[in-house]
Each structure stands twice: as C-alpha cells, then as structure tokens.
1. Every residue in the stretch 151-172 that is of a type in the set (Phe, Trp, Tyr) and either near the ligand (Cβ under 9 Å from one of its atoms) or farther than 17 Å from Ser183 by Cα (or both), please.
2. Only one of (1) among the small types (Gly, Ala, Ser); (2) within 15 Å of the ligand (Cβ to nearest atom); (3) touching a strand residue (DSSP E or B) at 6+ places or on another chain (Cβ under 9 Å) is not met by Ala70, so which one is it?
3. Among the residues that make up the stretch 80-93, is at least one of them closer than 19 Å to Asp149 by Cβ, within 9 Å of the ligand (Cβ to nearest atom) and out of contact with any helix residue (DSSP H, G or I) (no Cβ under 6 Å at 6 or more places or on another chain)?
4. Restricting attention to the stretch 51-73, does a residue exist that is of a type outside the set (Ser, Thr, Tyr), modelled with pLDDT of 95 or more and more than 23 Å from Gly165 (Cβ to Cβ)?
5. Every residue in the stretch 181-206 that is surrounded by 11 or more Cβ atoms within 10 Å (Cβ to Cβ), more than 23 Å from Leu167 (Cα to Cα) and out of contact with any Lys or Arg (no Cβ under 8 Å at 6 or more places or on another chain), please.
6. Just give me the residues in the stretch 37-60 being in a loop (DSSP other than H, G, I, E, B) and in contact with a Lys or Arg (Cβ under 8 Å, 6 or more places away or on another chain), in sequence order.
7. Tyr105 fails exactly one of the following numbered conditions: (1) in contact (Cβ under 8 Å) with a residue 60 or more places away in the chain; (2) more than 13 Å from the chain's Cα centre (by Cα); (3) away from the ligand (no atom under 11 Å from the Cβ). What is the number of that condition?
8. Considering only the stretch 17-44, state which residues are buried (at least 19 other Cβ atoms within 10 Å of the Cβ) and at pLDDT below 95.
Amino acid sequence: MERGLFITFEGADGCGKTTQLELLAQYLKDYEVLKTREPGAKGLGEKIREILLNYDAQVSDRAESFLFLADRAQHIDMVVNPAVQAGKIVLCDRHTDSTVAYQGYGRGIDLDRIRKLNDIAVNGRKPDLTLLFDIDVETSMARVGNHKDRMESAGINFFNKVRQGYLEIAKNEPQRVKIIDASKSIEEIHKNVVILVEELLQTAHL
Ligand code: TYD
C-alpha cells in the first residue's frame, strides 16, 4: 500500500524553486522527508546529469530527451518509489513536467510522443502535488546570470516557450499542478507553498 507523498517542484531556471524546496523541507521537519532532484540523483543519475549539463558538443533533441528519461526511470525505480513506499514525503526538484515543457514545448518534440515515452520512464508513478513557480523570463534569466550551463544557454525565445508550456500543463491539470507567483518575496512564496502542502497533508494519512 502507498503511504508517503511525492511532491514535485517545477519552473524555469532561476525561478527560485530550489530555495523553496529547502524551506519546505525545514517546515516538514517532523516528517520523514527525502530531498531529491532530476536530472542527477545519486549514482547513475549524477553521470547522466554531467552529460546533460556540461557536454560541450552538439546533442540532438531526441538524444537529450532520452537522457532525461533514462535518468528519470533510474530515479523512480531506485529512489522515489522505495521512499514513497516507506512512507516518506519525497520533495523532487523537477520531474515529468520539465520534459514536457523543455523538450516538448521548448525544443518542439511532439508532445504526444514525449508523454508516451515518459510513461515508460515513470511506470505509473505520478506526483501527488506539483508546485509550478511561475516568473517572467527576463527576471529568471537575469537571476541565472552569465554562468549558464548547456540548457540555460538556449535563449529567451526557448524560455518563453517553456513558460507557456508550463502554464498550459497547469491549465490542463489544475488538480495536480498549482501555480505560484514566483515574483513575490521568498517569505511570501514559502507561505503559499505551505498552504498548498497543508491542504494535501489533510487528505493524506501519513
Ligand atoms: P539544474 O541545474 O538542475 O537547473 P535548475 O536548478 O533550474 O533545476 O539543471 C537542470 C536543467 O535541465 C534545467 O535547465 C532544466 C533541464 N531539464 C530538461 O530540459 N528536461 C528535463 O526533463 C529535466 C528534468 C530538466
């Protein structure tokens, strides 16, 4: 029987989701919490992450997608599922919606195909809640600054498509995906996160 929870954090680079994940983990200190991320959970994931973010020759869009999905399959099997089954609250920095937003909407890979391939990677696991940190592209790019990794170097046009993609995902799945205004202060955003997570905790039986 399922006992834990799986909460994912999504948004463009520089949206502040990683800070919010840390703050939520502290807020949930009385629970058993596992903090993790995609790409790049420990082990194989770290090796895939290294290729995805630092490989300096061209990577084809389809190859890029498969690498993210390979990382996800490994992460679900080795990290997420065991933790949820053990009753933990798993806080995951990026997951499926990143692939749909970045490789689907951003790179232009057919959305249907991306979703079908992703189904193989997640093998039935779905987030109980997804927090989407929405912010305008100029602000998020300014936060990222000049030291960009391979993905962050994709340009403003790409990130506009990613943002629109995320908003469309949220519109299609309003029950699961909650949009958070990431232009507010860190404290205000944290309060919004807590309200949403408390709602979830009331329906979950941890
Ligand atoms: P990371 O340094 O983890 O960025 P952030 O702190 O913004 O999460 O790098 C992950 C990068 O990979 C980020 O640019 C988003 C991208 N990405 C995809 O394009 N597709 C995916 O499926 C995932 C998980 C991430």
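The values are calculated or read from the model by the stated rules, or taken from the named source; none is laboratory data. In this text the structure is predicted, and so the values were computed from the model without any measurement. Because the Cβ atoms are built from the backbone with ideal geometry, glycine has one as well, and the counts that use them run over all protein chains shown.
1. The one that is of a type in the set (Phe, Trp, Tyr) and either near the ligand (Cβ under 9 Å from one of its atoms) or farther than 17 Å from Ser183 by Cα (or both): Phe158.
2. (3)
3. Scanning the stretch 80-93 turns up no residue that is closer than 19 Å to Asp149 by Cβ, within 9 Å of the ligand (Cβ to nearest atom) and out of contact with any helix residue (DSSP H, G or I) (no Cβ under 6 Å at 6 or more places or on another chain).
4. For the stretch 51-73, residues of a type outside the set (Ser, Thr, Tyr), modelled with pLDDT of 95 or more and more than 23 Å from Gly165 (Cβ to Cβ): absent.
5. Leu201, Ala204, listed by residue number.
6. Listed by number, the residues that qualify are Glu38, Pro39, Gly40, Tyr55, Asp56, Val59.
7. (3)
8. Gly40, Ala41
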